[in-house]
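**Student:** I am attaching a structure below and will ask some questions about it afterwards.
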Amino acid sequence: MGMKPSPYATKIPYEEKDNKVVGGRPNPADRSDAIDKVTGRARYAADYNLPGQLIGKVLRSPHAHAIIKSIDTSEAEKLPGVKAVVTRDDFPDMEVEHAASGELMVNFRDVTRNMMAREKALYDGHPVAAVAALSESIAKEAMKLIKVDYEVLPHVIDVRDAMKDDAPLLHEELFTKGAGIEPDPSKKSNIATRMESRLGDIEEGFKQADFIVEHESNTKAAHQGYIEPQASVANFTEGGTIEVYTGTQGHHVFRAQLAKLLKMDISKIKVVPAELGGGFGGKNNVYLEPLAAQLSRMANRPVKMVMTRDEVFRATGPTSGTNCKVRMGCTRDGRITAAQAELNYQAGAFPGSSLPLASITVFTRYDLENVLVVGHDVVCNRPKVAAYRAPGAPMIAFAVETAIDDLARQCGMDPIDFRLKNAAKQGTQTHFGPPLGQIGYIETLEAAKASPHMNEPLGPNQGRGIASGFWFTIGNDTSATINISEDGTASLIFGTVDVTGGMRSAFAMIVAEELGIPFEKVRTQVGDTSALGFNFMTAGSRGTAAGSMAVVKATRDAIHRACEIAARKWEVETDQVVWENGHARPASANVGDFEPLSLAQLCREATWFGGTIAGHAEINVAMGGPGFGTHLVDVDVDRQTGLVKVLRYSIFQDAGKAVYPAFIEGQFQGGAVQGIGMALNEEYIYSDKGTMENPGFLDYRVPVASDVPMINTHIVEVPNPDHPYGVRGIGEVPIIPPLAAISNAIHDAVGVRLLDHPMSPPKVLKALDEAAPAEAAE
Amino acid sequence: MQNLRYEAPETLADATALLAAEDGMARVLAGGTDVIVQMHSDLIEPDLIVDIKNIPELTEITKEGGAYRFGAAVSGKTLMLHEDFNKTWPGVMDGVRLIGSLQIRGRASVGGNLCNASPAADSVPPMIAAGAVASVAGPAGTRDVPVEDIVTGPGQTCLDKGEIVVSFLLPERPPRSGDAYLRFTPRTEMDIAVVGAGVNLTLDDDGACTAARVALAAVAPTPLLVAEAADALIGTKVDETALEALAAAASAACSPIDDKRGTVEYRIKVAGVLARRAAAIALERAGKNQ
């Protein structure tokens, strides 16, 4: 990750206790966001409208790779109703400067070029101009009047092609950097970075192996597929401040990026995060916000911009397409002796794929002595990749977990037993850094082994697959404020955007538990950037895990204040008052005989005894509590059409301790369904001109409800020792195993090994046809 | 789209006159599940929209002797709720039931599905297999056109300026007849056929096939009526050998393209597989229709 752990980062030891609210199953209708979403009252970014607003639209490159020789906007500006037009000339160029934006890093030099092309258009859909007009139709008319003179260049789409010596180069200044690159290369390349990490002696490991398996997998780019397209409304006032209403996973991070891109003070900008219609890492990056802000500044009116689905696919980050090579060896009795991987990841138009994250997940669930992981971050003429739920991990797990399956078969071992024999546990040394702490991987394997799913009978052409995954939980800056209202009810403001829709309820449960008041008496809201100190994004599975640390600290701060009021009333010291069951009580009989005071009673006394009861926390939460999961899937393969049907699916995952189990189960299911969709059908398809062929949900095939069975879930609970409620991040692990699990199930069903993603009907049928003569010959 | 005109005439004559008089782009609107989507996607910018849902002939389902006639703008959902039509033409309804989603079928019509002129339209192959004939009205009068002759290429029909499809006539069913339509899509719903196959057949008292029509979708620039595939069934008991011959003839008739939805090789192979599976269903249905 490149982030050094701070000695000042906050950890709170796990507190083993019987909870009254946390871990329960409140009525789903009491979920804080539920009713408004069902009735349509929830306000997403596109639901915001400001008086006098203009509509902004983006003109995008139709070419995959082209020099932008000139842009003439004069005719567009003359069209009645057009109030502003922006191009590269309306934004300052940026120096190379890296910053964290969710799980991936960004470079401001590239951010400004991605939001608005400068020297070159680097992918189909790359913005080249934006227009603000009185209506969408006028804006569209104006775009037709903008003349862009392109010099079309050869393009490169596939990662393997982009790595070749004679590949068209995207960036004139790009030389490969990183491990094992000495001396500095003299030849330009699309390979931005080479990474390497080692443990033990890989050659020696392979010498000890009785069996060796080699897998080369290829995966296509896949999009997060959030239902809500990006939308923003920006209002740049004559007073020099901006308000932005937008869909984001991190409004504070967006604010900082806007300040940089527009050369403004951070405090002059307010970003209001709207209800989010799905993010999955895809809303960690600014796209429309700076354009809307600049158009608003030039037009002196608010500007609203909403992407179409076509724009979302063509120009917002999908995950990397990849080429992965894995070589693993084990002894006859099933002990892995060597594990080697090469990860070649598309970054899209600018450096910075999910490679750094993917490379630490490669083998991290096994206890290994000899490891070599090499990775390349490669630019190509595609939209810049963004984070997508466990960024990069599903693709490398596809190669590794299928290799594990084949090794187990060669040893004649059950695939779960093989994994158990090699499973990581507390103290296992990782190949990228620290040894693992208290984790629950073995428990997920044991739960899978004991599950009724294992006993379900399989018919002809049906098979069962298993695969596991690992992801970490990041910490980082987190703030929260709790205000106790005059009637003793609680209002929590937090800053980790509720991208999942369950965080508000989970936090309400924790506040209720801490304060000793009913769940229904707690209101939780995401505060805008003016309400709280800096919050890092909701990314890296940190939302509930890290967010709740700040919530606990803020609530305990308010409790301290409540106890202080009781102490003043009783004329004792604050440390002589304890908080129990929603009441301030004397800590012991020696303190005095006072009637316990409820929160509502204390609120009535608050003014006299010093002021309103509130609490707050601004902390850097320590990274920790990694999550592990194991998936079981049964499939049916139609030998005549290659159609793979998912018959049965079960998830076993360590959640640390479940705060809101129904919400965790939903996360497990949602992640698995995204993984199933990716495994079977989702892929970016390009024409030979380098333009995207399927920028819509008709041909970018995410699963529909009838494509997936009910996903069974099993929450394993091995508490995170550094969290008061034992919480681990859970949102990302569930998307990691499905690709491999489904490939393993297809292999079990019909004996062919698929390593080319997606495992769509034509590919499965082709693999079956190619295997058929071989089978007949045997 | 700044000068879009919308008209909703109540007579056929008014509708055809409006369409004939428009100099710019005119589009006929029934359910709107293609036209509106194309407008939203900036694929078309019509100058005139003629909504035909207020014209009685376009929205009726009637019996003419033993034959069924239904209006081109009748929604899929209305057909789905017509019990006897479903019993008589289960294969046509297999196709109708695959159009879009339930919500879309509440608006979408068979006439629109045909006139959108996609080679992958799901209701078209079973209509062709059924021997459906379209009644076409225009400024010059009315003519009958077999459904298989309407689509002339992707997005192209044989309709002249001002002409609209009014209704479809499906012939009277002999006893021991059955039809079926299957499509292949990677997803169960909300998808477009990679391949589609419709089969309609009639048996005699001994179970021999006396008449058959086979139509394919998404394997050529237009939906195909494949006489060779029908010939493979006629005169047989629709046994294993006949089904093999049917599959081979269906595959042989394909001239598909490689595209984002499937490869040439895949479509040719699966066309045979689906034709065979559809014939088996049609056979079973025919056996039940004494």
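**Student:** Considering the options A:Ala480, A:Asn535, A:Thr500, tell which one lies farthest towards the positive end of the dipole of region A:474-621, charges being +1 on Lys and Arg and -1 on Asp and Glu at the Cβ, about the Cα centre.
**Tutor:** In region A:474-621, that residue is A:Thr500.
**Student:** Further, regarding this structure: Which loop GluC sites (Glu not before Pro) in region A:113-171, with loop taken from DSSP, have no more than 16 other Cβ atoms within 10 angstrom of their Cβ?
**Tutor:** Taking region A:113-171 and a limit of 16 other Cβ atoms within 10 Å, the loop GluC sites (Glu not before Pro) found are A:Glu119.
**Student:** Starting from the Cα-Cα distance between B:Asp149 and B:Lys237, subtract it from 0.36 nm times their residue separation and give me the gain in nm to one decimal.
**Tutor:** 28.7 nm
**Student:** Another question, then. Provide Rg over Rh for region A:511-564; use the alpha carbon set for both Rg and the Kirkwood Rh (inverse mean inverse pair distance).
**Tutor:** Checking Rg against Rh, the ratio lands at 0.99.
**Student:** How high is the FRET efficiency between A:Lys69 and A:Val704 when r is their beta carbon distance and R₀ equals 35 Å, given to the nearest 0.05?
**Tutor:** 0.20
**Student:** Over chain B, what is the relative contact order in whole percent, taking alpha-carbon pairs under 8 Å and six or more residues apart?
**Tutor:** 16 percent
**Student:** Tell me, what is the Rg over Rh of region A:167-271, with Rh the Kirkwood radius over Cα pairs?
**Tutor:** Using Cα coordinates only, the ratio equals 1.19.
**Student:** To continue, here is another question. Give me the inter-chain shielding for A:307-316: mean count of other chain Cβ atoms within 10 Å, whole number please.
**Tutor:** 1
**Student:** Give, as a single signed number, the net charge of other residues whose beta carbon lies under 14 Å from the beta carbon of B:Asp160, with Lys and Arg counted +1 and Asp and Glu -1.
**Tutor:** Its environment carries a net charge of -1.
**Student:** Given +1 on the Cβ of Lys and Arg, -1 on the Cβ of Asp and Glu, and no further charges, what dipole in debye does region B:56-170 carry about its Cα centre, rounded to the nearest 20?
**Tutor:** Its charge dipole is roughly 300 debye.
**Student:** In degrees from 0 to 90, rounded to the nearest 10, what is the angle of the helix B:12-21 Cα long axis to the longest principal axis of chain B?
**Tutor:** Here the helix axis deviates by roughly 70 degrees.
**Student:** Can you spot the aspartates and glutamates whose alpha carbon is less than 12 Å from B:Lys87's alpha carbon? Ignore those fewer than 8 places along the same chain.
**Tutor:** The qualifying aspartates and glutamates are B:Asp179.
**Student:** As I understand it, the value is the acute angle between the Cα axis of helix B:240-253 and the longest principal axis of the Cα atoms of chain B; what does it come to in degrees, rounded to 10?
**Tutor:** 40 degrees
**Student:** Sticking with this structure for a sec: Could you work out [θ]222 nm for chain A from helices alone, using -39500 (n - 2.57) per DSSP H run of at least four and dividing by all its residues? Round to the nearest 500 deg cm²/dmol.
**Tutor:** So the calculated ellipticity at 222 nm is -8500 deg cm²/dmol.
**Student:** Something else about it: Please give the Cα centre distance for region A:199-225 versus region B:151-170, rounded to the nearest Å.
**Tutor:** Going from one Cα centre to the other spans 57 Å.
**Student:** How high is the relative contact order of region A:474-621? Use alpha-carbon pairs under 8 Å, at least six apart in sequence, and give a whole percent.
**Tutor:** 35 percent.
**Student:** Quick one: net charge of A:Gly24's neighbours, Cβ under 12 Å, K/R +1, D/E -1?
**Tutor:** -1
**Student:** Work out the mean other chain Cβ neighbour count within 10 Å for the residues of A:640-652 and drop it here as an integer.
**Tutor:** 2
**Student:** Taking the beta-carbon count within 10 Å as an exposure proxy, list A:Lys449, A:Lys4 from fewest neighbours to most.
**Tutor:** If I rank by nearby Cβ atoms, fewest first, I get A:Lys4, A:Lys449.
**Student:** Can you work out the FRET efficiency for the pair A:Ala531 and A:Asp184, with r the C-beta to C-beta distance and R0 = 51 Å, to the nearest 0.05?
**Tutor:** Plugging the Cβ-Cβ distance into 1/(1 + (r/R0)^6) gives 0.60.
**Student:** May I ask you to list, by number, the DSSP H helices of chain A whose Cα span along the axis is at least 20 Å and whose average Kyte-Doolittle hydropathy reaches -1.0 or more?
**Tutor:** A:393-411, A:543-570, A:661-680, A:761-777
**Student:** If you consider only alpha-carbon coordinates, what radius of gyration and Dmax does chain A have, in Å?
**Tutor:** Over chain A's Cα set, Rg and Dmax evaluate to 27.3, 93 Å.
**Student:** For region A:1-110, what number of Lys pairs, 8 or more residues apart or on separate chains, have alpha-carbon atoms under 27 Å from each other?
**Tutor:** Qualifying lysine pairs in region A:1-110: 6.
**Student:** Run down the lysines and flag those whose C-alpha is under 16 Å from the C-alpha of A:Lys188, throwing out any fewer than 8 positions away in its chain.
**Tutor:** Here the lysines satisfying the reach criterion relative to A:Lys188 are A:Lys164, A:Lys177.
**Student:** With an 8 Å cut-off on Cα pairs and a minimum separation of 6 or more residues, tell me the relative contact order of region B:177-288 in percent.
**Tutor:** After rounding, I find 32 percent.
**Student:** If eta is 1.306 mPa s and T is 10 °C, what Stokes-Einstein diffusion coefficient results for chain B, Kirkwood Rh from Cα pairs, in µm²/s?
**Tutor:** Translational diffusion coefficient: 83 µm²/s.
**Student:** If the reach is capped at under 12 angstrom between alpha carbons, list the aspartates and glutamates near A:Lys384, excluding any in the same chain fewer than eight residues apart.
**Tutor:** A:Asp110, A:Asp124
**Student:** Report the equivalent ellipsoid semi-axes for region B:177-288 in whole Å, largest first, defined as the square roots of five times the eigenvalues of the gyration tensor built from alpha carbon atoms.
**Tutor:** Output for region B:177-288: semi-axes of 25, 14, 10 Å.
**Student:** Sorted from fewest to most neighbouring beta carbons within 10 Å, what does the list A:His747, A:His126 look like?
**Tutor:** A:His747, A:His126
**Student:** Let me ask something additional. So, in nm, how far is label A:Thr39 from label A:Thr607 when the simple model puts each one 7 Å beyond its Cα toward the Cβ?
**Tutor:** Going from the A:Thr39 label point to the A:Thr607 one covers 3.2 nm.
**Student:** A further question follows. Give me the dipole magnitude in Debye, nearest 20, for chain B about the Cα centre, with unit charges on the beta carbon: positive for Lys and Arg, negative for Asp and Glu.
**Tutor:** Its charge dipole is roughly 720 debye.
**Student:** Using R₀ = 22 Å, calculate the FRET efficiency as 1/(1 + (r/R₀)^6) where r is the Cβ-Cβ separation of A:Glu571 and A:Ala600; round to 0.05.
**Tutor:** After rounding, the FRET efficiency stands at 0.55.
**Student:** Still on this model: Can you say what percent of the DSSP beta bridges in chain A, counting only those with both residues inside, are antiparallel? Round to 5.
**Tutor:** DSSP beta bridges in chain A are roughly 75 percent antiparallel.
**Student:** A further question follows. So, in Å, what gap is there between the alpha-carbon centers of region A:239-262 and region B:250-290?
**Tutor:** Computed from Cα coordinates, the inter-centre distance equals 55 Å.
**Student:** Taking each residue of B:257-267 in turn, how many C-beta atoms of other protein chains fall within 10 Å of its C-beta, and what is the average?
**Tutor:** Per residue, the number of nearby Cβ atoms from other chains is 4 on average.
**Student:** Continuing with the same structure: Filter the trypsin sites (Lys or Arg not before Pro) in region A:8-60 to those in DSSP coil with at most 13 other Cβ atoms within 10 Å of their Cβ, and list the result.
**Tutor:** Qualifying residues, ordered by number: A:Lys17, A:Arg41, A:Arg43.
Readers should treat all values here as calculations from the given coordinates under stated rules, not as data from a laboratory. Note that the coordinates shown come from a computational prediction; the quantities given were computed from them, not determined experimentally. Every residue, glycine among them, receives a Cβ derived from its backbone with ideal geometry; neighbour counts consider all protein chains shown.
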